[in-house]
1. Please determine, by comparing only the residues of the stretch A:181-211 that are open to solvent by less than 60 Å² (accessible area, probe 1.4 Å) and in contact (Cβ under 8 Å) with a residue 24 or more places away in the chain, which one is nearest to the other protein chains (Cβ to nearest Cβ).
2. Give all pairs with beta carbons closer than 6 Å in which a residue from the stretch B:1-28 that is more than 7 Å from chain A (Cβ to nearest Cβ) meets a residue that is of a type in the set (A, V, I, L, M, F, W, C); count only pairs at least 6 apart in sequence or on separate chains.
3. Within the stretch A:124-136, can you find the residues that are more than 20 Å from the chain's Cα centre (by Cα) and assigned to a helix (DSSP H, G or I)?
4. How do the pairs read when you match residues in the stretch A:144-170 that are away from chain B (no Cβ under 13 Å) with residues anywhere that are crowded, with 21+ Cβ neighbours inside 10 Å and of a type outside the set (A, V, I, L, M, F, W, C), using Cβ under 8 Å and keeping only pairs 6 or more apart or on different chains?
5. Consider A:M178 carefully, then state whether it is open to solvent by 40 Å² or more (accessible area, probe 1.4 Å), within 30 Å of B:I110 (Cα to Cα), part of a helix (DSSP H, G or I) and of a type outside the set (V, I, T).
6. Do you know which of the residues in the stretch B:102-126 that are within 7 Å of another protein chain (Cβ to nearest Cβ) and open to solvent by 40 Å² or more (accessible area, probe 1.4 Å) is farthest from A:G182 (Cα to Cα)?
7. Hey, among the residues in the stretch B:131-178 that are closer than 18 Å to A:F181 by Cα, among the β-branched types (V, I, T) and in a helix (DSSP H, G or I), which one's nearest to the other protein chains (Cβ to nearest Cβ)?
8. How many residues does the stretch A:137-167 contain that are exposed (fewer than 13 other Cβ atoms within 10 Å of the Cβ) and not in a helix (DSSP H, G or I)?
Amino acid sequence: MGTIIWTTIGAILTLSVYSFLYKDNPFYKFAEHLVVGISAGYYLVIYYYNFIDPNVVTPVFQLRLGDQAIGFGSGAWWLALIPGLLGLLLYTRFFPKVAWVARWSLGIYVGGYAGLGLSPVMQARVIEQIGANALPLTSVTNVLIVVGLLGTLAYFFFSMKHKGILGVFARTGIVFLMVGFGASFGYTVMSRISLLIGRVSFLLHDWLHLV
Amino acid sequence: MRRQIPLALCFIAGLFMAVQYFIPHPTVQDTYEIVLGWLQTLLAFAFLLGTVSLIRMHFHKIRNRADDRAFSWVTLLGLVSMIGLGFLHPQHQLPGSPFNLMFLNVQVPIEATMFSLLAFYIASAAFRAFRARTLEATLLLVAACIVMLGRVPIGDLIHESIPAATQWILNVPNLAAKRGVMIGVGLGMMATSLKIILGIERAWMGGSD
(Lines give C-alpha, C1' and ligand atoms only; values in the text may rest on other atoms or scores of the structure.)
Protein backbone atom coordinates (compact mmCIF):
# COMPACT_ATOMS: atom_id res chain seq x y z
CA MET A 1 0.00 0.00 0.00
CA GLY A 2 2.82 2.34 0.96
CA THR A 3 4.57 1.68 -2.34
CA ILE A 4 1.42 2.56 -4.30
CA ILE A 5 1.04 5.84 -2.42
CA TRP A 6 4.69 6.84 -2.93
CA THR A 7 4.60 5.83 -6.62
CA THR A 8 1.41 7.88 -7.08
CA ILE A 9 3.07 10.88 -5.45
CA GLY A 10 6.05 10.48 -7.81
CA ALA A 11 3.73 10.13 -10.80
CA ILE A 12 1.66 13.21 -9.89
CA LEU A 13 4.83 15.25 -9.48
CA THR A 14 6.16 13.93 -12.82
CA LEU A 15 2.92 14.98 -14.57
CA SER A 16 3.05 18.34 -12.79
CA VAL A 17 6.50 19.03 -14.23
CA TYR A 18 5.43 17.88 -17.73
CA SER A 19 2.45 20.27 -17.54
CA PHE A 20 5.03 23.01 -18.21
CA LEU A 21 5.07 21.83 -21.84
CA TYR A 22 1.65 23.43 -22.19
CA LYS A 23 2.57 26.60 -20.29
CA ASP A 24 3.73 27.81 -16.89
CA ASN A 25 1.01 26.83 -14.42
CA PRO A 26 0.44 26.34 -10.65
CA PHE A 27 1.09 22.58 -10.80
CA TYR A 28 4.55 23.15 -12.26
CA LYS A 29 5.24 25.95 -9.79
CA PHE A 30 4.22 23.66 -6.94
CA ALA A 31 6.65 20.93 -8.06
CA GLU A 32 9.37 23.50 -8.73
CA HIS A 33 9.11 25.11 -5.28
CA LEU A 34 8.76 21.74 -3.58
CA VAL A 35 11.97 20.37 -5.09
CA VAL A 36 13.88 23.50 -4.05
CA GLY A 37 12.84 23.03 -0.42
CA ILE A 38 13.24 19.25 -0.39
CA SER A 39 16.69 19.25 -2.01
CA ALA A 40 17.95 22.08 0.25
CA GLY A 41 16.79 20.12 3.28
CA TYR A 42 18.26 16.89 1.92
CA TYR A 43 21.72 18.32 1.29
CA LEU A 44 21.67 20.19 4.59
CA VAL A 45 21.14 16.92 6.49
CA ILE A 46 23.76 15.08 4.37
CA TYR A 47 26.36 17.85 4.82
CA TYR A 48 25.69 18.00 8.55
CA TYR A 49 26.20 14.27 9.07
CA ASN A 50 29.15 14.02 6.65
CA PHE A 51 31.12 17.15 7.55
CA ILE A 52 29.88 19.19 10.55
CA ASP A 53 29.14 16.26 12.84
CA PRO A 54 32.42 14.31 12.39
CA ASN A 55 34.67 17.39 12.12
CA VAL A 56 33.18 19.66 14.79
CA VAL A 57 30.33 18.31 16.93
CA THR A 58 31.54 14.78 17.70
CA PRO A 59 35.17 15.66 18.59
CA VAL A 60 34.13 18.49 20.92
CA PHE A 61 31.40 16.52 22.64
CA GLN A 62 33.62 13.47 22.99
CA LEU A 63 36.15 15.54 24.90
CA ARG A 64 33.49 16.99 27.15
CA LEU A 65 32.42 13.47 28.05
CA GLY A 66 35.99 12.48 28.82
CA ASP A 67 36.34 10.32 25.74
CA GLN A 68 39.87 10.05 24.37
CA ALA A 69 38.79 10.10 20.73
CA ILE A 70 40.15 13.18 19.05
CA GLY A 71 38.14 13.25 15.84
CA PHE A 72 39.86 13.68 12.55
CA GLY A 73 43.56 13.59 11.69
CA SER A 74 45.97 13.55 14.62
CA GLY A 75 45.40 17.09 15.90
CA ALA A 76 44.33 18.11 19.38
CA TRP A 77 40.63 18.45 20.28
CA TRP A 78 40.66 22.26 20.04
CA LEU A 79 41.47 21.94 16.35
CA ALA A 80 37.88 20.80 15.94
CA LEU A 81 36.69 24.19 17.18
CA ILE A 82 38.54 26.06 14.42
CA PRO A 83 36.36 24.94 11.46
CA GLY A 84 33.27 25.54 13.61
CA LEU A 85 34.37 29.09 14.42
CA LEU A 86 35.39 29.74 10.81
CA GLY A 87 32.01 28.46 9.69
CA LEU A 88 30.19 30.73 12.13
CA LEU A 89 32.23 33.71 10.89
CA LEU A 90 30.51 33.26 7.50
CA TYR A 91 27.27 34.39 9.17
CA THR A 92 28.68 37.84 9.90
CA ARG A 93 27.48 38.61 6.36
CA PHE A 94 24.05 39.17 7.87
CA PHE A 95 25.44 42.08 9.95
CA PRO A 96 26.66 44.83 7.59
CA LYS A 97 29.06 46.46 10.11
CA VAL A 98 31.10 43.29 10.56
CA ALA A 99 30.33 41.60 7.23
CA TRP A 100 33.99 41.86 6.21
CA VAL A 101 34.94 39.27 8.87
CA ALA A 102 33.36 36.58 6.68
CA ARG A 103 36.27 37.12 4.27
CA TRP A 104 38.61 35.36 6.71
CA SER A 105 36.73 32.10 6.30
CA LEU A 106 36.25 32.71 2.58
CA GLY A 107 39.99 33.36 2.19
CA ILE A 108 40.87 29.98 3.70
CA TYR A 109 38.15 28.24 1.69
CA VAL A 110 38.92 29.83 -1.68
CA GLY A 111 42.71 29.69 -1.26
CA GLY A 112 42.63 26.13 0.08
CA TYR A 113 40.61 24.75 -2.80
CA ALA A 114 42.61 26.80 -5.35
CA GLY A 115 45.82 25.25 -4.01
CA LEU A 116 44.27 21.81 -3.71
CA GLY A 117 43.29 21.81 -7.38
CA LEU A 118 46.60 22.99 -8.82
CA SER A 119 48.52 19.71 -8.95
CA PRO A 120 45.63 17.40 -9.95
CA VAL A 121 44.61 19.80 -12.72
CA MET A 122 48.18 20.00 -13.99
CA GLN A 123 48.49 16.22 -13.87
CA ALA A 124 45.11 15.12 -15.22
CA ARG A 125 44.15 17.91 -17.60
CA VAL A 126 47.50 18.96 -19.00
CA ILE A 127 50.37 16.46 -18.58
CA GLU A 128 48.28 13.29 -19.03
CA GLN A 129 46.49 14.71 -22.06
CA ILE A 130 49.70 15.85 -23.73
CA GLY A 131 51.29 12.47 -22.94
CA ALA A 132 48.31 10.59 -24.39
CA ASN A 133 48.57 12.67 -27.55
CA ALA A 134 52.29 11.95 -28.09
CA LEU A 135 51.45 9.36 -30.72
CA PRO A 136 53.68 7.85 -33.42
CA LEU A 137 52.61 9.32 -36.76
CA THR A 138 52.33 5.90 -38.37
CA SER A 139 48.61 5.87 -39.15
CA VAL A 140 46.03 8.27 -40.53
CA THR A 141 44.11 8.11 -37.26
CA ASN A 142 47.14 9.16 -35.20
CA VAL A 143 47.97 11.99 -37.64
CA LEU A 144 44.37 13.26 -37.44
CA ILE A 145 44.38 13.20 -33.63
CA VAL A 146 47.71 15.10 -33.43
CA VAL A 147 46.69 17.63 -36.11
CA GLY A 148 43.27 18.03 -34.48
CA LEU A 149 44.79 18.79 -31.09
CA LEU A 150 47.32 21.26 -32.51
CA GLY A 151 44.57 22.93 -34.55
CA THR A 152 42.27 23.23 -31.53
CA LEU A 153 45.06 24.73 -29.41
CA ALA A 154 45.97 27.10 -32.28
CA TYR A 155 42.33 28.26 -32.51
CA PHE A 156 42.36 29.23 -28.80
CA PHE A 157 45.76 30.95 -29.07
CA PHE A 158 44.86 34.63 -29.19
CA SER A 159 48.30 36.18 -28.60
CA MET A 160 48.99 36.30 -32.36
CA LYS A 161 46.82 37.03 -35.38
CA HIS A 162 45.47 33.92 -37.05
CA LYS A 163 47.50 34.37 -40.23
CA GLY A 164 49.94 32.16 -42.12
CA ILE A 165 50.63 28.72 -40.63
CA LEU A 166 48.81 29.64 -37.38
CA GLY A 167 45.76 30.60 -39.44
CA VAL A 168 45.83 27.29 -41.29
CA PHE A 169 46.03 25.38 -38.00
CA ALA A 170 43.28 27.55 -36.44
CA ARG A 171 40.93 26.86 -39.38
CA THR A 172 41.70 23.13 -39.09
CA GLY A 173 40.93 23.44 -35.38
CA ILE A 174 37.49 24.90 -36.13
CA VAL A 175 36.66 21.85 -38.23
CA PHE A 176 37.62 19.46 -35.41
CA LEU A 177 35.85 21.60 -32.81
CA MET A 178 32.62 21.64 -34.82
CA VAL A 179 32.66 17.87 -35.23
CA GLY A 180 33.39 17.55 -31.49
CA PHE A 181 30.56 19.93 -30.56
CA GLY A 182 28.22 18.07 -32.90
CA ALA A 183 29.11 14.77 -31.25
CA SER A 184 28.58 16.30 -27.78
CA PHE A 185 25.23 17.73 -28.87
CA GLY A 186 24.15 14.34 -30.23
CA TYR A 187 25.20 12.68 -27.00
CA THR A 188 23.31 15.25 -24.91
CA VAL A 189 20.14 14.78 -26.97
CA MET A 190 20.36 11.01 -26.55
CA SER A 191 20.87 11.31 -22.78
CA ARG A 192 17.79 13.56 -22.46
CA ILE A 193 15.74 11.19 -24.61
CA SER A 194 16.93 8.35 -22.39
CA LEU A 195 15.70 10.24 -19.31
CA LEU A 196 12.39 10.92 -21.04
CA ILE A 197 12.00 7.19 -21.82
CA GLY A 198 12.76 6.48 -18.15
CA ARG A 199 10.03 8.84 -16.94
CA VAL A 200 7.46 7.52 -19.44
CA SER A 201 8.38 3.98 -18.42
CA PHE A 202 7.87 4.99 -14.77
CA LEU A 203 4.40 6.34 -15.56
CA LEU A 204 3.24 3.49 -17.78
CA HIS A 205 4.98 0.57 -16.07
CA ASP A 206 5.59 1.37 -12.41
CA TRP A 207 2.46 3.49 -11.85
CA LEU A 208 -0.24 2.40 -14.28
CA HIS A 209 1.09 -1.15 -15.00
CA LEU A 210 0.07 -0.74 -18.65
CA VAL A 211 3.29 -2.08 -20.17
CA MET B 1 42.65 44.14 8.50
CA ARG B 2 39.69 44.01 6.12
CA ARG B 3 41.65 43.03 3.02
CA GLN B 4 45.18 42.10 4.04
CA ILE B 5 44.27 39.34 6.54
CA PRO B 6 41.88 37.51 4.14
CA LEU B 7 44.50 37.75 1.39
CA ALA B 8 47.19 36.42 3.73
CA LEU B 9 44.94 33.54 4.87
CA CYS B 10 44.12 32.76 1.22
CA PHE B 11 47.83 32.75 0.33
CA ILE B 12 48.86 30.54 3.27
CA ALA B 13 46.01 28.04 2.75
CA GLY B 14 46.58 27.92 -1.02
CA LEU B 15 50.34 27.56 -0.74
CA PHE B 16 50.08 24.79 1.85
CA MET B 17 47.46 22.81 -0.12
CA ALA B 18 49.53 23.19 -3.30
CA VAL B 19 52.89 22.08 -1.87
CA GLN B 20 51.65 19.28 0.39
CA TYR B 21 51.47 17.00 -2.68
CA PHE B 22 55.25 17.10 -2.86
CA ILE B 23 55.99 16.52 0.85
CA PRO B 24 55.02 12.99 1.90
CA HIS B 25 56.14 13.59 5.53
CA PRO B 26 53.53 12.29 8.06
CA THR B 27 53.30 15.67 9.83
CA VAL B 28 52.47 17.47 6.58
CA GLN B 29 50.02 14.77 5.49
CA ASP B 30 48.27 14.80 8.90
CA THR B 31 48.01 18.59 8.71
CA TYR B 32 46.64 18.25 5.18
CA GLU B 33 43.92 15.88 6.46
CA ILE B 34 43.01 18.38 9.17
CA VAL B 35 42.87 21.36 6.78
CA LEU B 36 40.87 19.31 4.26
CA GLY B 37 38.36 18.59 7.06
CA TRP B 38 38.17 22.35 7.73
CA LEU B 39 37.46 23.09 4.07
CA GLN B 40 34.73 20.45 3.93
CA THR B 41 33.19 21.84 7.12
CA LEU B 42 33.30 25.35 5.66
CA LEU B 43 31.47 24.00 2.59
CA ALA B 44 28.73 22.66 4.88
CA PHE B 45 28.48 25.97 6.76
CA ALA B 46 28.37 27.85 3.43
CA PHE B 47 25.51 25.61 2.29
CA LEU B 48 23.71 26.31 5.56
CA LEU B 49 24.26 30.04 4.91
CA GLY B 50 22.60 29.63 1.49
CA THR B 51 19.69 27.81 3.11
CA VAL B 52 19.27 30.60 5.67
CA SER B 53 19.17 33.10 2.78
CA LEU B 54 16.53 30.94 1.05
CA ILE B 55 14.41 30.92 4.22
CA ARG B 56 14.80 34.70 4.65
CA MET B 57 13.78 35.30 1.03
CA HIS B 58 10.62 33.21 1.33
CA PHE B 59 9.71 34.68 4.72
CA HIS B 60 10.12 38.10 3.14
CA LYS B 61 7.69 37.09 0.35
CA ILE B 62 5.16 35.76 2.86
CA ARG B 63 5.44 38.83 5.09
CA ASN B 64 4.98 41.17 2.13
CA ARG B 65 1.97 39.14 0.95
CA ALA B 66 3.47 38.57 -2.50
CA ASP B 67 1.14 37.11 -5.15
CA ASP B 68 2.90 33.74 -5.24
CA ARG B 69 3.44 33.47 -1.46
CA ALA B 70 1.58 30.16 -1.35
CA PHE B 71 4.51 28.58 -3.19
CA SER B 72 6.90 30.02 -0.61
CA TRP B 73 5.03 27.99 1.98
CA VAL B 74 5.55 24.90 -0.22
CA THR B 75 9.32 25.50 -0.28
CA LEU B 76 9.50 26.10 3.47
CA LEU B 77 7.33 23.07 4.17
CA GLY B 78 9.54 20.86 1.99
CA LEU B 79 12.67 22.21 3.65
CA VAL B 80 11.38 21.81 7.21
CA SER B 81 9.99 18.33 6.54
CA MET B 82 13.30 17.05 5.12
CA ILE B 83 15.33 18.58 7.96
CA GLY B 84 12.87 17.16 10.49
CA LEU B 85 12.90 13.69 8.96
CA GLY B 86 16.69 13.76 8.65
CA PHE B 87 17.42 14.77 12.23
CA LEU B 88 14.57 13.02 14.04
CA HIS B 89 15.08 9.65 12.38
CA PRO B 90 18.45 8.26 13.56
CA GLN B 91 18.81 5.86 10.60
CA HIS B 92 17.68 8.45 8.07
CA GLN B 93 19.73 7.09 5.16
CA LEU B 94 18.56 3.49 5.42
CA PRO B 95 16.24 2.25 2.63
CA GLY B 96 12.62 2.62 3.71
CA SER B 97 13.22 5.47 6.15
CA PRO B 98 10.86 8.45 5.63
CA PHE B 99 13.85 10.66 4.71
CA ASN B 100 14.99 8.18 2.07
CA LEU B 101 11.44 7.69 0.76
CA MET B 102 10.98 11.44 0.36
CA PHE B 103 14.26 11.64 -1.53
CA LEU B 104 13.45 8.72 -3.86
CA ASN B 105 9.79 9.56 -4.50
CA VAL B 106 9.75 13.35 -4.49
CA GLN B 107 13.20 14.76 -5.22
CA VAL B 108 14.42 12.14 -7.72
CA PRO B 109 11.25 12.09 -9.91
CA ILE B 110 11.04 15.91 -10.09
CA GLU B 111 14.73 16.33 -10.91
CA ALA B 112 14.72 13.53 -13.50
CA THR B 113 11.57 14.93 -15.13
CA MET B 114 13.01 18.45 -15.23
CA PHE B 115 16.10 17.17 -17.01
CA SER B 116 13.98 15.09 -19.40
CA LEU B 117 11.96 18.25 -20.23
CA LEU B 118 15.06 19.39 -22.07
CA ALA B 119 14.46 16.61 -24.61
CA PHE B 120 11.57 18.73 -25.93
CA TYR B 121 13.33 22.08 -25.81
CA ILE B 122 16.53 20.71 -27.31
CA ALA B 123 14.53 19.98 -30.47
CA SER B 124 13.90 23.69 -31.01
CA ALA B 125 17.52 24.42 -30.14
CA ALA B 126 18.56 21.83 -32.71
CA PHE B 127 16.40 23.50 -35.34
CA ARG B 128 18.26 26.76 -34.82
CA ALA B 129 21.71 25.15 -34.54
CA PHE B 130 21.30 22.76 -37.43
CA ARG B 131 20.49 25.23 -40.17
CA ALA B 132 23.36 24.30 -42.45
CA ARG B 133 24.28 27.77 -43.69
CA THR B 134 28.04 27.47 -43.34
CA LEU B 135 30.62 24.68 -43.55
CA GLU B 136 31.03 24.71 -39.76
CA ALA B 137 27.27 24.41 -39.14
CA THR B 138 27.08 21.58 -41.69
CA LEU B 139 29.87 19.71 -39.92
CA LEU B 140 28.07 20.11 -36.60
CA LEU B 141 24.81 18.90 -38.14
CA VAL B 142 26.36 15.86 -39.83
CA ALA B 143 28.37 14.84 -36.75
CA ALA B 144 25.35 15.21 -34.42
CA CYS B 145 23.07 13.22 -36.77
CA ILE B 146 25.58 10.40 -37.16
CA VAL B 147 26.21 10.19 -33.40
CA MET B 148 22.46 10.20 -32.63
CA LEU B 149 21.70 7.54 -35.23
CA GLY B 150 24.70 5.45 -34.23
CA ARG B 151 23.54 5.14 -30.62
CA VAL B 152 20.13 3.62 -31.45
CA PRO B 153 19.19 0.39 -33.26
CA ILE B 154 17.61 2.22 -36.19
CA GLY B 155 21.02 3.58 -37.16
CA ASP B 156 22.29 0.08 -37.87
CA LEU B 157 19.10 -0.66 -39.84
CA ILE B 158 19.55 2.43 -42.04
CA HIS B 159 23.16 1.57 -42.84
CA GLU B 160 25.46 -0.93 -41.20
CA SER B 161 28.41 1.49 -41.20
CA ILE B 162 26.66 4.19 -39.11
CA PRO B 163 27.61 2.69 -35.69
CA ALA B 164 31.25 2.37 -36.85
CA ALA B 165 31.18 5.97 -38.14
CA THR B 166 29.82 7.10 -34.77
CA GLN B 167 32.65 5.34 -32.99
CA TRP B 168 35.19 6.90 -35.36
CA ILE B 169 33.81 10.41 -34.78
CA LEU B 170 33.95 9.89 -31.03
CA ASN B 171 37.44 8.34 -31.04
CA VAL B 172 39.23 10.59 -33.53
CA PRO B 173 37.99 14.16 -34.26
CA ASN B 174 35.94 14.41 -31.06
CA LEU B 175 38.87 13.12 -28.99
CA ALA B 176 41.30 15.58 -30.56
CA ALA B 177 38.97 18.55 -30.01
CA LYS B 178 38.08 17.49 -26.45
CA ARG B 179 41.76 17.09 -25.58
CA GLY B 180 42.54 20.56 -26.90
CA VAL B 181 39.67 22.07 -24.93
CA MET B 182 40.66 20.08 -21.82
CA ILE B 183 44.27 21.29 -21.99
CA GLY B 184 43.06 24.88 -22.46
CA VAL B 185 40.64 24.59 -19.55
CA GLY B 186 43.36 23.01 -17.39
CA LEU B 187 45.80 25.82 -18.12
CA GLY B 188 43.05 28.37 -17.44
CA MET B 189 42.16 26.72 -14.12
CA MET B 190 45.82 26.70 -13.07
CA ALA B 191 46.27 30.35 -14.02
CA THR B 192 43.11 31.34 -12.13
CA SER B 193 44.16 29.32 -9.07
CA LEU B 194 47.57 30.98 -9.05
CA LYS B 195 45.98 34.42 -9.43
CA ILE B 196 43.69 33.69 -6.45
CA ILE B 197 46.53 32.37 -4.27
CA LEU B 198 48.80 35.30 -5.14
CA GLY B 199 46.03 37.82 -4.48
CA ILE B 200 45.78 39.09 -8.06
CA GLU B 201 42.22 37.80 -8.46
CA ARG B 202 40.17 39.27 -5.61
CA ALA B 203 36.59 39.02 -6.86
CA TRP B 204 35.77 36.54 -4.06
CA MET B 205 36.18 39.34 -1.49
CA GLY B 206 33.27 41.31 -2.91
CA GLY B 207 33.15 44.89 -4.09
CA SER B 208 33.03 46.91 -0.86
CA ASP B 209 36.04 47.79 1.31
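1. Here the residue is A:R199.
2. Short answer, once both residue conditions are applied: B:Q20/B:V28.
3. Correct list: A:V126, A:I127, A:E128, A:Q129, A:I130, A:G131, A:A132, A:N133.
4. A:H162/A:Y155
5. No; evaluated as a whole, the condition is false for this residue.
6. Residue satisfying both the conditions and the ranking: B:F103.
7. B:V147
8. 8
The values are calculated or read from the model by the stated rules, or taken from the named source; none is laboratory data. These figures come from a predicted structure and were not determined experimentally. Note that we place each Cβ from the backbone using ideal geometry, even for glycine, and neighbour counts take in every protein chain shown. Heads up: the accessible areas ignore ligands, DNA and RNA and are worked out on the full protein's heavy atoms, side chains in. Shrake-Rupley method; radii C 1.70, N 1.55, O 1.52, S 1.80 Å.
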